[in-house]
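Contents: one structure, followed by commentary.
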Amino acid sequence: MEEQLLQCREMLRVLFLHCYQFLCRTLLDKFPPAVHLTTNAWAAVKARQRLWIILPLSLVCFVTIVIYLPHGDCVRIPANQDLCEIWKGETPRTDVKQWWQWACLIEWDMDSADGYQCQNKEFMGNWPVCWDEDYKPRDPCLVYSFGIGNDFSFDDAMAERGCTVYSFDPSMGVTDHKHSERVFFKNIGLGASDTDSFYPNFDGFVRHSTSWKVRTLKSIMQLLGHEKRVIDVLKIDIEVYEWAVTANILKDGLFPQIRQFLVEWHIFPNEPFRNHFQDMYEVYMSLQKNGFQFYHKYSFRKYHHYRYWNLRAHMSYVNTHF
């Protein structure tokens, strides 16, 4: 009974966290002034002012928990550190029911699946590119690079090989400019929908309240006049948003126009939301169904615990349909 109570308490904590994140995202998307309300909420409480800000938030969280809290006993959660190892050792293994089991399936495929054996893999700055004859960038080479973080080493290296490179990163706070002879910087982010008011999560790249202009890959290709062009190399390093973006690219049917796909997959302790993990698994596996085989993989910062799950994985794919 005591163990079940602890598990229920942990589930309530996670539900409160998800409720808070969902509410903040909704407010930030629909009501930009909420940025200031959230930022100043604690100061307002200390000053015993504007308590009406906190009370509605608490009420919404409570209602959300009542609606989504599972009925009956709480699900038993393994207490040991590495959930994937525990689940792998079960005989027979249980059906996939929990969010972390979908995460384990993703990681197991990363670690065990056979990919394409690239014979001419070369690091271009901090990302590898395959230069095998069937899949190497073709003249006129076109590269899209999303997520720069003030590091243009990949972009510059591809430009030196004769490619035209478009670099995108709204987190840098830099306006559109020509970085070099073949590298063009755009102050636009890559998203799963078009908006001029995208509010990113706070992380190592975002430390203050801000909003970005983001566009889907389809919209960006139309903006640049590349609707019918092949993107020789598409690189995406956008801090957990890659799951939704990849799903959007699949939905828009653009992967047949992409020769190589470089992506860093992220799973953070509190992102993405737990109810998205089955969709993430299906997106990840859909790349294989669309002819993409990885020729490079490197995963790190793995930690498999119900309270703290973390993964970062660099993966580079070739489109075998070319």
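The values are calculated or read from the model by the stated rules, or taken from the named source; none is laboratory data. The model shown is predicted, which means the values in this text are computed figures rather than measured ones. For neighbour counting, all protein chains shown are included, and Cβ atoms are generated from backbone atoms with ideal geometry for every residue, glycine included. Areas reflect the complete protein model, heavy atoms only, side chains present, ligands, DNA and RNA absent. Shrake-Rupley method; radii C 1.70, N 1.55, O 1.52, S 1.80 Å.
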(request) Given the conditions (1) open to solvent by 70 Å² or more (accessible area, probe 1.4 Å); (2) free of Cβ contacts under 8 Å to residues at least 40 places away in the same chain; (3) touching a strand residue (DSSP E or B) at 6+ places or on another chain (Cβ under 6 Å); (4) of a type in the set (D, E, K, R), report the number of the one that ASP139 does not fulfil. (result) (3)
(request) Could you please find all residues in the stretch 208-230 being more than 21 Å from PHE154 (Cα to Cα) and part of a helix (DSSP H, G or I)? (result) LYS218, SER219, GLN222, LEU223
(request) Output yes when any residue across the stretch 98-114 is touching a residue at least 60 places away in the same chain (Cβ under 8 Å), in a loop (DSSP other than H, G, I, E, B) and surrounded by 15 or more Cβ atoms within 10 Å (Cβ to Cβ), and no when none is. (result) no
(request) Considering each of GLU282, GLU264 in turn, give the residue that is of a type in the set (Asp, Glu), under 18 Å from PRO128 (Cα atoms) and modelled with pLDDT of 95 or more. (result) GLU264
(request) Determine whether the stretch 241-253 contains at least one residue that is at pLDDT below 95, under 19 Å from the mean Cα position of the chain (by Cα), of a type in the set (A, V, I, L, M, F, W, C) and under 22 Å from TYR308 (Cβ atoms). (result) no
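Out of everything in the stretch 231-259 that is hydrophobic (A, V, I, L, M, F, W, C) and in a helix (DSSP H, G or I), what residue ends up being nearest to ASN319 (Cα to Cα)?
That would be PHE255.
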(message) Being touching a residue at least 24 places away in the same chain (Cβ under 8 Å) and touching a strand residue (DSSP E or B) at 6+ places or on another chain (Cβ under 7 Å): is that true of ASN319 here?
(response) yes
(request) Just name the residue that is nearest to CYS141 (Cα to Cα) out of those in the stretch 161-197 that are in contact with a Phe, Trp or Tyr (Cβ under 8 Å, 6 or more places away or on another chain), in a loop (DSSP other than H, G, I, E, B) and open to solvent by 60 Å² or more (accessible area, probe 1.4 Å). (result) HIS179
(request) Determine, yes or no, whether ARG312 is part of a loop (DSSP other than H, G, I, E, B) and surrounded by fewer than 19 Cβ atoms within 10 Å (Cβ to Cβ). (result) no
(request) Scan the stretch 149-160 residue by residue and report those that are surrounded by fewer than 22 Cβ atoms within 10 Å (Cβ to Cβ) and touching a strand residue (DSSP E or B) at 6+ places or on another chain (Cβ under 9 Å). (result) PHE152, SER153, ASP156, ALA157, GLU160
(request) Among the residues of the stretch 239-253, write down those that are open to solvent by less than 10 Å² (accessible area, probe 1.4 Å) and among the hydrophobic types (A, V, I, L, M, F, W, C). (result) VAL245, ILE249
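Of the residues GLU107, GLU85, GLU122, only one is closer than 20 Å to PRO269 by Cα, at pLDDT 90 or above and touching a strand residue (DSSP E or B) at 6+ places or on another chain (Cβ under 8 Å); which?
Going through GLU107, GLU85, GLU122 in turn, just one is closer than 20 Å to PRO269 by Cα, at pLDDT 90 or above and touching a strand residue (DSSP E or B) at 6+ places or on another chain (Cβ under 8 Å): GLU107.
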(request) Report yes if some residue within the stretch 298-305 is open to solvent by less than 50 Å² (accessible area, probe 1.4 Å), among the aromatic types (Phe, Trp, Tyr) and in contact (Cβ under 8 Å) with a residue 24 or more places away in the chain; otherwise report no. (result) no
(message) Being open to solvent by 20 Å² or more (accessible area, probe 1.4 Å) and within 11 Å of the chain's Cα centre (by Cα) is the filter here; which residues of the stretch 254-269 pass it?
(response) PHE268
(message) Restricting to the stretch 142-151, name every residue that is touching a residue at least 24 places away in the same chain (Cβ under 8 Å), touching a helix residue (DSSP H, G or I) at 6+ places or on another chain (Cβ under 8 Å) and in a loop (DSSP other than H, G, I, E, B).
(response) ILE148, GLY149
(message) It is to be established whether one or more residues within the stretch 277-292 are surrounded by fewer than 14 Cβ atoms within 10 Å (Cβ to Cβ), part of a loop (DSSP other than H, G, I, E, B) and among the small types (Gly, Ala, Ser).
(response) no
